[in-house]
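Coordinate-derived values only; no laboratory data. A quick note: this is a predicted structure, and the numbers were derived from the prediction, not measured. With ideal geometry, Cβ positions are generated from the backbone for all residues, glycine too; neighbour counts draw on all protein chains shown.
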Amino acid sequence: MIHSPIKLRHLVAFAEVARRGQLAAAAEALSITQPGMSKTIRELETSLGLSLFERGSRGVTLTPSGRTLLRHTAPALRAIAEGIEAVKHDAPEAVVRLGALSNVEGGLLPAVLRALHAEHPDLRIEVDTGTSAGLLRRLRLGELDLVLGRMAEAREIRDLAFEHLYYEPMILVVRAGHPLITEPAPTIQAISHYPWVIPPRGTTLREQLERFWVEQSIAPAHALETLSLPLSQAYVMGSDTVWVTPADTARAAANSHQMVVVGPLIEIRGGSVGFAVNSSQPIAPAARQFCDCLRVVAATYPGTDWLR
């Protein structure tokens, strides 16, 4: 049973402060005063005998105890809200709220969705994209059912459950007709003389790339930093830049001879592609159907043989 001094309003206020990172913004969202919000959070911390937030000049951040509480309470609050909505309708719509990283947008995810809707045509999927840190934070808040992509190395995954599906390396690709492909086997030093399109700072892809630069003793110029696949591909197709990207995002362009893989693989084995869920709460039936289909498609999904 829930500890009697702790009320639903305490947990709602806690989750809103965690979501927004500021007491004032959370108070405004819940239509209460900032002193009232501060008092509510103090009451919750006193009841638990724990500090849930660290106060700073720019707002508040969760303590380890706060992260643990959020992982359990945010999905529960969402389930309550969904339950209230469900009783208002005779047949509530089945929805999966999915967070997708850029490396699965162009290949794996569309294949999964086609297979899923062939079997469950009425299942609706809401897909949000972004960085692993942002999406995993939303998963912890209960705003997403699962997050799919390459993220096993992400620090933010430490208190969530991750299921591995397959490994995928990062590669270097250029447009067809690029000066580099006239060379029989361009070295990484030759490739580094051209500007690169790379993942932005704060992503696990960028961290892996920076380790590669150190290992190879190179420091290429950065033409563009983005996770946008359409922007990256369009920019590279019209310039002499080198695109650093997970293999699957460039597979279709390489197979159609629009792009060419150059140089060494940035990773020998590659990063782990899989999905994360909040293990503190049972997975919804619709999300379970998605995961079952995802496992089947991933087991037979085209690997990296095309790179050889």
List, in order, the whole-Hz ³J(HN,Hα) value for each residue of region 51-58 obtained from phi through the Karplus relation with A = 6.51, B = -1.76, C = 1.60 and θ = phi - 60°; use x for Gly and Pro. 8, 9, 10, 9, 8, x, 5, 9
Under 17 Å by backbone N from the virtual spin label 7 Å along Cα-to-Cβ at Leu8, the residues of region 22-52 are 30-31
Rounded if a/c is under 1.5, else prolate if a/b beats b/c, else oblate: with a ≥ b ≥ c from the C-alpha gyration tensor eigenvalues square-rooted, which is region 170-262? oblate
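Take peptides 144-150, 225-231 and line them up by average Cβ neighbours within 10 Å, highest first, as a rough protection proxy.
On the way: 144-150: 27.6, 225-231: 14.4.
Result, highest mean first: 144-150, 225-231.
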Taking K and R as +1 and D and E as -1, what net charge do the other residues with C-beta under 12 Å from the C-beta of Val127 add up to? -2
Quick query: amide H of Thr129 versus all other amide H atoms, modeled in the peptide plane; which residues come in under 5 Å with a sequence gap of 5 or more or a different chain? Ala100
Using θ = phi - 60° and Karplus 6.51 cos²θ - 1.76 cosθ + 1.60, couplings along region 16-22 (whole Hz; Gly, Pro as x): 5, 5, 4, 5, 9, x, 8
Would you order Trp196, Trp213 from fewest to most other beta-carbon atoms within 10 Å of each residue's own beta-carbon? Trp213, Trp196
For Val273, the residues 5 or more places away or on another chain with a placed amide H closer than 5 Å to its own amide H are Leu165, Tyr166, Tyr167, Glu168
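Given the rule -39500 (n - 2.57) for each run of at least 4 DSSP H residues, summed and divided by the residues of the chain, what is its mean residue ellipticity at 222 nm, to the nearest 500 deg cm²/dmol?
-13000 deg cm²/dmol
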In degrees between 0 and 90, to the nearest 10, how far off the longest principal axis of the chain does helix 34-48 point, with axes built from Cα atoms? 90 degrees
tail above 25 Å in the computed P(r) of the chain, as % of all Cα-Cα pairs, reads 57 percent
Nitroxide proxy distance, nm - points 7 Å out along Cα→Cβ at Ser51 and Glu210: 2.8 nm
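Can you tell me, using C-alpha contacts under 8 Å and at least 6 residues apart, the relative contact order of region 170-262 as a whole percent?
51 percent
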